[in-house]
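J.: The structure that follows is given in the form of structure tokens.
Where a number appears in this text, it was derived from the coordinates with a stated rule and is not lab data. What you see is a predicted model, and the numbers here were worked out from it, not measured in a lab. With ideal geometry, Cβ positions are generated from the backbone for all residues, glycine too; neighbour counts draw on all protein chains shown.
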Amino acid sequence: MMARAKTKKDLKSLDKPALEEFLMRNEGIPSFRAGQLLHWMYKKNVASIEEITEFSKNLRESLSQKAFISTLKVKETLSSTDGTQKYLFELEDGNFVESVLIPSDEDQEADEKAQTKTSRLTLCISSQVGCTVGCRFCLTGRLGFIRDLEAWEIVEQVLSVQRLIAPRQITNIVFMGMGEPLNNLENVAVALERLTEFAHFSKRRITLSTAGIVPSIMELPGKAPMVNLAVSLNAATDETRSLIMPINRRYGISSLMQALRQFPLARRGRITFEYVLLGGINDSVADARRLVKLLHGIPSKVNLIPFNRHEGTDFRTPPVQSVLAFQKTLTDSGCTAIIRKSKGADILAACGQLKAKYEPKK
Ligand code: SF4
């Protein structure tokens with residue numbers, strides 16, 4: 001793949017004007033062909049130029065001499081007994097990232113009074129190799145930071161998994177895998193544009209999850225309007241949050257909340273707050289009350305995620321009674337709070353656990 005990349009153009013690295021220019025210069029063909037090519041690459045999801053049967057054989061052969069369609073190599077796939085699947089991708093430079101496919105058949109948010117059952121197939125994707133943020137409960141954070149993913153590497157996680165699971169369809173995409181997407185905002189914004197404009201994913205079904213990079217949250221509406229935002233909050237006081245998430249020392253809770261209060265939401269849109277419950281750290285009823293106060297006035301829902309204890313951490317799984325009491329405190333105060341079961345525990349589907357088996361290449 002490396003040799004090919006050096007001599008030929010990766011068509012997935014080009015935006016529409018660049019693709020039009022490339023096709024005109026190299027093949028002398030009109031600009032509408034670029035639209036066809038984008039449709040075949042992103043919507044029909046072909047993995048090679050040879051598969052684009054709308055193009056003549058001559059054109060396919062000629063184009064294949066000068067260009068290729070990049071794909072990611074699947075190094076390993078793991079399936080959980082609960083239906084979760086984890087994909088480890090090997091990148092061209094020998095690094096690895098992972099995506100997790102999570103099926104769910106749940107009330108379309110038990111909170112919404114809508115009792116319709118929907119089947120979701122959510123793909124959790126990565127935006128960086130490693131991460132600089134260093135959340136203490138996360139194995140990716142411990143790996144350190146290697147590099148940002150290119151836009152095509154982000155998009156290709158979705159397209160590769162879609163090819164593997166067809167005819168099933170990915171219904172939702174969440175940027176909750178390895179990396180902090182708002183620390184790679186330029187490439188993430190390009191990836192979002194391609195996923196929505198060319199692969200036709202609805203923005204309403206895409207969620208960016210951030211540890212709370214305040215300046216980028218403020219930039220986000222201009223760069224990727226109307227995608228959903230999730231914030232990994234995990235504590236309602238600076239003291240506890242800084243202990244769990246060192247990034248809080250840089251962007252404290254009050255500046256984070258101020259940015260979120262100004263964040264433009266779609267009609268009936270809400271900000272999702274992720275709250276990993278760590279036994280004895282942030283799972284008391286007093287913590288829940290503080291959280292209620294903090295979220296007052298923000299259209300929101302809270303995902304409560306009981307910590308899944310893994311090797312190499314001192315954090316504890318919270319007792320079931322604490323989790324239920326925490327949720328009750330929130331719901332009694334009018335907050336929407338859903339307990340999210342950890343999926344794929346038997347295949348180490350939590351952030352960074354599979355990749356931790358492989359040495360990162362600096
Ligand atoms: S939880 Fe997310 S932001 Fe925090 S260290 Fe892990 S990958 Fe980075």
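J.: Quickly rank 321-331, 176-186 as a protection proxy: mean count of other C-beta atoms within 10 Å, highest first. Write down the numbers at each step before the final one.
T.: Working: 321-331: 17.2, 176-186: 24.2.
Going by the mean number of other Cβ atoms within 10 Å, highest first, we get 176-186, 321-331.
J.: While we're on this one: Can you give me the distance in nm between label points at ARG309 and SER202, each placed 7 Å from the Cα along the Cα-to-Cβ direction?
T.: In this crude spin-label approximation the distance works out to 4.2 nm.
J.: May I pose another question? Past 18 Å, Cα to Cα, is the threshold; run LYS293/LYS341; LYS73/LYS203; LYS43/LYS203; LYS9/LYS223; LYS16/LYS203 against it and keep the listed order.
T.: Numbers: LYS293/LYS341 25 Å; LYS73/LYS203 27 Å; LYS43/LYS203 16 Å; LYS9/LYS223 27 Å; LYS16/LYS203 20 Å.
Result: LYS293/LYS341; LYS73/LYS203; LYS9/LYS223; LYS16/LYS203 exceed 18 Å.
J.: Quick one: divide the alpha-carbon radius of gyration of region 73-357 by 2.2 N^0.38 Å and tell me what you get.
T.: Numbers: Rg = 17.8 Å, N = 285, 2.2 N^0.38 = 18.8 Å.
My calculation over the Cα atoms of region 73-357 gives 0.94.
J.: While we're looking at this one, here's another question. With charges only on Cβ, +1 for K and R and -1 for D and E, what is the dipole size of region 119-228 about its Cα centre, in debye, rounded to 20? List each step's numbers first, then the result.
T.: Numbers: 11 positive and 9 negative charges, 99 e Å.
With only Lys, Arg, Asp and Glu charged at Cβ, the dipole is about 480 debye.
J.: Quick check on packing: order 191-197, 220-226 by the mean number of other C-beta atoms within 10 Å, highest mean leading.
T.: Values: 191-197: 20.9, 220-226: 15.7.
Averaged packing, sorted descending, gives the order 191-197, 220-226.
J.: Can you tell me which of 294-300, 247-253 comes out highest on packing, and rank the rest after it, using the mean Cβ neighbours within 10 Å?
T.: On the way: 294-300: 15.3, 247-253: 17.3.
Top of the packing list down: 247-253, 294-300.
J.: Quick one: work out the % antiparallel among DSSP beta bridges in the chain, nearest 5.
T.: Numbers: 23 of 48 bridges.
Percent antiparallel among DSSP bridges in the chain is about 50.
J.: Nearest 500 deg cm²/dmol is fine: what mean residue ellipticity at 222 nm does the chain get from its DSSP H runs of n ≥ 4 alone, each adding -39,500 (n - 2.57), divided by its residue count?
T.: Rounded to the nearest 500, it is -9000 deg cm²/dmol.
J.: Using every Cα-Cα pair within region 112-184, state what percent have a distance larger than 16 Å.
T.: Numbers: 1461 of 2628 pairs.
Everything past 16 Å amounts to 56 percent.
J.: Would you list the P(r) distribution for region 2-68, with all Cα-Cα distances sorted into 10 Å bins from 0 and each bin expressed as a whole %?
T.: 21, 62, 17, 0
J.: Could you give the size of the charge dipole of the chain about its Cα centre, using +1 on the Cβ of each K and R and -1 on the Cβ of each D and E, expressed in debye and rounded to the nearest 20?
T.: Numbers: 50 positive and 40 negative charges, 54 e Å.
Magnitude of the dipole: close to 260 debye.
J.: Related question: Which cross-chain or sequence-distant (5 or more) residues have an amide H under 5 Å from the amide H of LYS9, H modelled 1.01 Å from N in plane?
T.: Sorted by chain and number, the residues that satisfy this are ALA67, PHE68.
J.: Out of SER160, SER126, SER62, any idea which swings most in a Gaussian network model of the chain, alpha carbons joined below 10 Å?
T.: Comparing SER160, SER126, SER62 in a Gaussian network model of the chain, the most mobile one is SER62.
J.: Now a separate question. What number, in percent, do you get for the relative contact order of the chain if the mean sequence gap of Cα pairs under 8 Å and at least 6 apart is divided by its residue count?
T.: Relative contact order comes out at 15 percent.
J.: Give the distance, in whole Å, between the Cα centre of region 1-75 and the Cα centre of region 207-270.
T.: 38
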